[in-house]
1. Under a 10 Å cutoff between Cα atoms, tell me which one of 119, 143, 185 has the largest fluctuation in the Gaussian network model of the chain.
2. Tell me, Kirkwood radius of region 19-200 from alpha-carbon pair distances, in Å?
3. Give me the percent relative contact order of region 106-202, please, defined on Cα pairs under 8 angstrom at least 6 residues apart.
4. Restricting to Cα pairs below 8 Å that are 6+ residues apart, what does the relative contact order work out to for the chain? Please round to a whole percent.
5. Please compute the Cα-Cα pair-distance distribution of region 49-94 with 5 Å bins starting at 0, giving whole percents from short to long.
6. When the helices in the chain are scored as -39500 (n - 2.57) per DSSP H run of 4 or longer and the sum is shared across all residues, what 222 nm value do you end up with, to the nearest 500 deg cm²/dmol?
7. Could you identify which residue out of 172, 149, 111 has the top mean-square fluctuation in a GNM of the chain using Cα springs shorter than 10 Å?
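Bear in mind these aren't lab numbers, they're just calculated from the coordinates by the rules spelled out. Predicted, not measured: the structure shown is a model, and the values here were computed from it.
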Ligand SMILES: [Zn+2]
């Protein structure tokens, strides 16, 4: 048995972002400490970082837009990146992408409202990645119901305090997690809150 020291447990403060390399077999757990707080997640295949999480591939290969235990998140080149192995909430979003200053200007008329994209750009810069590299995200705890007529909206998360999701790395990846700073719509129920992050050895 190999001892793997790569485990971590920390609080991701509101509106902040973190990136970590994960070896295949390591797990990432995101806990909604207080309830109704979204985490945007993106990932890149190591070591080349050119292939990345791709929600449309993920939707096609799983045949659903609602993701929970047993579903796999895929890359643009259809490589399995992460598998959902635990989920106490059961409602997450794979359609919305990340909030960013540009869309908030269009939809809410505000200037320079920092979003998850700006968080990601800053966080992945040390790996030589830029805004053009940021893929659409998997939005943990984000609640965007699709109606029978195709209607789509953002409503408050279904997550309660202590709910968590665990993603197991299916490849060596760089993962980034943004504690979503969106306070202009119901995405985070009007209040930005901390998240718990646990990374466990393979
Ligand atoms: Zn966001």
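1. 185
2. Numbers: mean 1/r = 0.0615 Å⁻¹.
Final number for the Kirkwood radius of region 19-200 is 16.2 Å.
3. Details: 73 pairs, mean separation 26.4, N = 97.
Normalised by residue count, the contact order of region 106-202 is 27 percent.
4. Numbers: 534 pairs, mean separation 88.6, N = 202.
Contact order relative to length: 44 percent.
5. Spelled out bin by bin, region 49-94 gives 5, 25, 33, 22, 10, 4, 0 percent.
6. Computed ellipticity for the chain at 222 nm equals -3500 deg cm²/dmol.
7. Fluctuation is largest for 149.
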